[in-house]
Amino acid sequence: MTGRRQTSLLAYVSTVAAAASLLTGCGVLPGATGGSREAVTVMTWAPDQTRATNMPGMPAMAQAYARWVNANGGIDGHELRVLTCNEQNTNAGASACARRAVREGAVAVVGSYSQNGRAFMAPLEAAGIPYIGGYGISEDEFTSPLSYPVNGGQASLIAGHGMQLAASCRQVSLVRPDTIAGDRLPDLLNSGLRKASHRGAVDIPAVEDAAEYTRQASKARSRAGAKDGCVTAVLGERTQTFFDSFRRLPKQKGDDGDAVRISSVLGSVGQPVIDRTGGADSPFEGAFVTGWYPDADHKAWEPMKKVIKEHAFVDNRVDPADTGVQTTWIAYTVLRQVIESLDSDRITALQISHALDQGVKIDTGGLTPELRWRYDDLLGAPGFPRIVNHDVTFQVVRDGRLVAQKPGFVDVGETVLTAP
């Protein structure tokens, strides 16, 4: 074989090998940009444009997060691909989103909102896909072995809210959704109220997507009483509708409605709602509010705000004071640190869940305690065994801003454990 023919053959073989490498995704041409690490596909879902609670900021925050990490080389060299889905606040919608996540090869569902836990967890469990940092609204998020919650869910919020109200309220009326999830709220609130030997709250179930709540508002006010009474509503996006009905109640003889103090939890009332309803002139001025995380002005949120400013500045769905947006940021912080801990060219759902089960430590920069999901880290509360973060914050509305009523976190783990 001549030197010229040998050189031509080697060139041909090299060209074919390089082309095959590009087609299979197993390598790159010498001198080309990129690496051999595969992209990571995840999904974030939430209801949008429904008659009940909507959380469009959660998928929007997920997309902004992906733009940010991909602009900086991805997560440990992996491009992050985010699928989004409208959960529609229905069992069918939640199930459809979960099945799509399976079909499109998602290795995790991250930072999502759904009340329909039974509908979405079954498809995810069958495919071995972890559910990281859901909003905490469904009980299944705290029972499934493939769920990794970043907050204590409604259980911690409501139990903590009872502790917050016990010191200031002689009698409490609770207006809550007439749903399976809502049925647990009275016992949880009462477990917090009992910390101060307080009497139990008056339970007032209500349709979650009603256009007005005059009847429930009237009952709540009268049962709370005119002296040191408190009315708390936990109706998600319809909480504002409830307090509009409450504010419009006619004065009754011997009933000073202004003496009744109102309250709620973050997710039902937040800074965006206060801003929309008048700020310092809002009906929520002076309200007690229990949250999972530090108030929106806390310095620990600065990294998130910087990402929003640079990668979602014109997207009005992404409000840094929105609890859903905040939860999504924390959930993706978990995902990033888990992937970085794996140091692998290919990321699978099994790798992620195994790392979480083995106790990889997650530092959220002061937004939560250090997060881990080993068996020893689980609270083990009846109905909510997978709670690992049982801290809440006590806040109050002053001059139109949600601010800390009490500095730091309050551990409500023991209170949740004592709930029936």
List pairs: first in the range 96-112 and over 19 Å from LEU335 (Cα atoms), second part of a helix (DSSP H, G or I) and open to solvent by less than 20 Å² (accessible area, probe 1.4 Å), Cβ under 8 Å, 6+ apart or cross-chain? CYS97/PHE120
If you go through the range 349-362 one residue at a time, do you hit one that is under 23 Å from SER144 (Cα atoms) and touching a strand residue (DSSP E or B) at 6+ places or on another chain (Cβ under 6 Å)? yes
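Given the condition loosely packed, with under 13 Cβ neighbours inside 10 Å, touching a residue at least 40 places away in the same chain (Cβ under 8 Å) and at positive phi, answer yes or no: does some residue in the range 305-324 qualify?
As a first pass, look at the range 305-324 and keep what is loosely packed, with under 13 Cβ neighbours inside 10 Å: 306, 309-310, 313-314, 316.
Keeping just the survivors that are touching a residue at least 40 places away in the same chain (Cβ under 8 Å) gives 310.
Filter once more, keeping what is at positive phi: none.
Within the range 305-324, not a single residue is loosely packed, with under 13 Cβ neighbours inside 10 Å, touching a residue at least 40 places away in the same chain (Cβ under 8 Å) and at positive phi.
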Quick one: how many residues across the range 274-300 are β-branched (Val, Ile, Thr) and surrounded by fewer than 19 Cβ atoms within 10 Å (Cβ to Cβ)? 1
Being surrounded by 22 or more Cβ atoms within 10 Å (Cβ to Cβ) and out of contact with any helix residue (DSSP H, G or I) (no Cβ under 7 Å at 6 or more places or on another chain) is the filter; apply it to the range 328-337 and report the residue that is nearest to VAL110 (Cα to Cα). ALA331
Note on the range 394-418: residues open to solvent by 10 Å² or more (accessible area, probe 1.4 Å) and closer than 30 Å to LEU146 by Cβ are PHE409, VAL410, ASP411, GLU414, LEU417, THR418
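With respect to ILE387, determine if the residue is under 20 Å from the mean Cα position of the chain (by Cα), assigned to a helix (DSSP H, G or I) and of a type in the set (Val, Ile, Thr). Give the derivation first.
Details: under 20 Å from the mean Cα position of the chain (by Cα): yes; assigned to a helix (DSSP H, G or I): no; of a type in the set (Val, Ile, Thr): yes.
Answer is no for this residue.
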Could you list all residues from the range 338-363 that are surrounded by 17 or more Cβ atoms within 10 Å (Cβ to Cβ) and more than 17 Å from SER36 (Cβ to Cβ)? VAL338, SER341, ALA349, ILE352, SER353, ALA355, LEU356, VAL360, ILE362
When the range 74-89 is examined, which residues are found to be open to solvent by 50 Å² or more (accessible area, probe 1.4 Å) and either closer than 30 Å to ARG51 by Cβ or not in a strand (DSSP E or B) (or both)? ASP76, GLU79, ASN86, GLN88
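The values are calculated or read from the model by the stated rules, or taken from the named source; none is laboratory data. Since we're looking at a predicted model, the values are computed, not measured. Cβ: placed from backbone, ideal geometry, glycine included. Neighbour counts: every protein chain shown. Please note that ligands, DNA and RNA were not included when accessible areas were found on the heavy atoms of the full protein model with its side chains. Shrake-Rupley method; radii C 1.70, N 1.55, O 1.52, S 1.80 Å.
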